[in-house]
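The values are calculated or read from the model by the stated rules, or taken from the named source; none is laboratory data. Just so it is clear, the model here is predicted, and its values are computed rather than measured. Using ideal geometry, Cβ is built from the backbone for each residue, glycine included, and neighbour counts are taken over all protein chains shown. With ligands, DNA and RNA removed, areas are computed over all heavy atoms of the protein, side chains included. Shrake-Rupley method; radii C 1.70, N 1.55, O 1.52, S 1.80 Å.
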Amino acid sequence: MELAACPKCGGDKIVKSGIISNRQRYLCKKCNYYFTVNKLGKKIDNYYVTKALQLYLEGLSFREIERIIGVSHVTVSNWIKEFNIKKPSHADYHPTYKIFSHLELVEYLKNKSQLSGAGMIITELGDKFMLIKWERFKD
């Protein structure tokens, strides 16, 4: 495997520098940075990042987003901080959500009594659909 550039400085003066944990170690002669290249980080698809941010803005908590998307609540919190997202205040409303398959969603929407008295949004969530409803707090 031929390396093109140092991941830190972008320099092309790279030499082999031993083996660590069964992975080849390299040294950049320009900045004296040691690195390996066999380690692949876990990359989460941007689709799920966007969905997590949307759900956060809709009023769901970090833990609720964790259960829905399957990504750690700490990761969701880090995304919120990274993109500097501010949640709008909805003191009079609280969201409830349900996950449906396509056929379940069609059946749910046929019942007109479930559609009145609240705002709602339907969003795609992989092969399922999420319905988020906002209802006023009952005093």
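Residue under question is Phe35, and the condition is that it be in contact with a helix residue (DSSP H, G or I) (Cβ under 8 Å, 6 or more places away or on another chain) and either within 15 Å of Leu131 (Cβ to Cβ) or outside the structural domain of Met130 (by the TED database) (or both); does it hold?
Numbers: in contact with a helix residue (DSSP H, G or I) (Cβ under 8 Å, 6 or more places away or on another chain): no; either within 15 Å of Leu131 (Cβ to Cβ) or outside the structural domain of Met130 (by the TED database) (or both): yes.
Spelling it out, it is not the case that Phe35 is in contact with a helix residue (DSSP H, G or I) (Cβ under 8 Å, 6 or more places away or on another chain) and either within 15 Å of Leu131 (Cβ to Cβ) or outside the structural domain of Met130 (by the TED database) (or both).
Identify, by number, the condition in (1) in contact with a Lys or Arg (Cβ under 8 Å, 6 or more places away or on another chain); (2) at pLDDT 85 or above; (3) not assigned by the TED database to the domain that holds Cys9 that Glu124 doesn't meet.
For Glu124, the failing item is (1).
For every residue, the table says whether it meets (1) at pLDDT 90 or above; (2) closer than 30 Å to Gly70 by Cα.
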site	(1), (2)
Ala4	no, no
Gly11	no, no
Gly18	yes, no
Arg23	no, no
Tyr26	yes, no
Tyr34	yes, no
Tyr48	yes, yes
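Looking at this structure, is Met130 open to solvent by 30 Å² or more (accessible area, probe 1.4 Å), assigned to a strand (DSSP E or B) and not β-branched (Val, Ile, Thr)? Full working, then the answer.
Working: open to solvent by 30 Å² or more (accessible area, probe 1.4 Å): no; assigned to a strand (DSSP E or B): yes; not β-branched (Val, Ile, Thr): yes.
No; evaluated as a whole, the condition is false for this residue.
Just a yes or no: is a residue in segment 97-109 among the β-branched types (Val, Ile, Thr), in a strand (DSSP E or B) and either out of contact with any strand residue (DSSP E or B) (no Cβ under 8 Å at 6 or more places or on another chain) or open to solvent by 40 Å² or more (accessible area, probe 1.4 Å) (or both)? Spell out the reasoning first.
Initially, segment 97-109 is screened for residues among the β-branched types (Val, Ile, Thr), giving 99, 106.
Filter once more, keeping what is in a strand (DSSP E or B): 99.
Filter once more, so that each one left must be either out of contact with any strand residue (DSSP E or B) (no Cβ under 8 Å at 6 or more places or on another chain) or open to solvent by 40 Å² or more (accessible area, probe 1.4 Å) (or both): 99.
Checking segment 97-109: at least one residue is among the β-branched types (Val, Ile, Thr), in a strand (DSSP E or B) and either out of contact with any strand residue (DSSP E or B) (no Cβ under 8 Å at 6 or more places or on another chain) or open to solvent by 40 Å² or more (accessible area, probe 1.4 Å) (or both).
Working only within segment 55-83, note down all residues that are surrounded by fewer than 16 Cβ atoms within 10 Å (Cβ to Cβ) and more than 10 Å from the chain's Cα centre (by Cα).
Selection gives Leu57, Ser61, Arg63, Arg67, Val74, Lys81, Glu82, Phe83.
So Lys42 passes all but one of these: (1) modelled with pLDDT under 85; (2) closer than 20 Å to Thr123 by Cα; (3) within 16 Å of the chain's Cα centre (by Cα); (4) loosely packed, with under 15 Cβ neighbours inside 10 Å. Which condition number does it fail?
With (1) modelled with pLDDT under 85; (2) closer than 20 Å to Thr123 by Cα; (3) within 16 Å of the chain's Cα centre (by Cα); (4) loosely packed, with under 15 Cβ neighbours inside 10 Å applied to Lys42, the lone miss is (2).
Hey, does segment 44-59 have a residue that's touching a His at 6+ places or on another chain (Cβ under 6 Å), aromatic (Phe, Trp, Tyr) and either part of a helix (DSSP H, G or I) or in the same structural domain as Trp134 (by the TED database) (or both)? Talk me through it step by step, then tell me what you get.
Taking segment 44-59 as the starting set, the residues that turn out to be touching a His at 6+ places or on another chain (Cβ under 6 Å) are 59.
Remaining after also requiring aromatic (Phe, Trp, Tyr): none.
Scanning segment 44-59, I find no residue that is touching a His at 6+ places or on another chain (Cβ under 6 Å), aromatic (Phe, Trp, Tyr) and either part of a helix (DSSP H, G or I) or in the same structural domain as Trp134 (by the TED database) (or both), so the answer is no.
What residue, among those in segment 60-72 that are out of contact with any Leu (no Cβ under 9 Å at 6 or more places or on another chain) and assigned to a helix (DSSP H, G or I), is modelled with the lowest pLDDT? Give the steps one after another, and end with the answer.
Let us first name the residues in segment 60-72 that are out of contact with any Leu (no Cβ under 9 Å at 6 or more places or on another chain), namely 60-63, 66-67, 70-72.
With the extra rule that they be assigned to a helix (DSSP H, G or I), the set shrinks to 62-63, 66-67.
Numbers: Phe62: 93, Arg63: 93, Glu66: 92, Arg67: 89.
Per the stated criteria, the residue is Arg67.
Which one of these is open to solvent by 70 Å² or more (accessible area, probe 1.4 Å) and touching a Leu at 6+ places or on another chain (Cβ under 8 Å): Tyr48, Tyr33, Tyr26? Even if it seems obvious, please write down each step before you answer.
Values: Tyr48 fails: touching a Leu at 6+ places or on another chain (Cβ under 8 Å); Tyr26 fails: open to solvent by 70 Å² or more (accessible area, probe 1.4 Å).
Sole residue among the options that is open to solvent by 70 Å² or more (accessible area, probe 1.4 Å) and touching a Leu at 6+ places or on another chain (Cβ under 8 Å): Tyr33.
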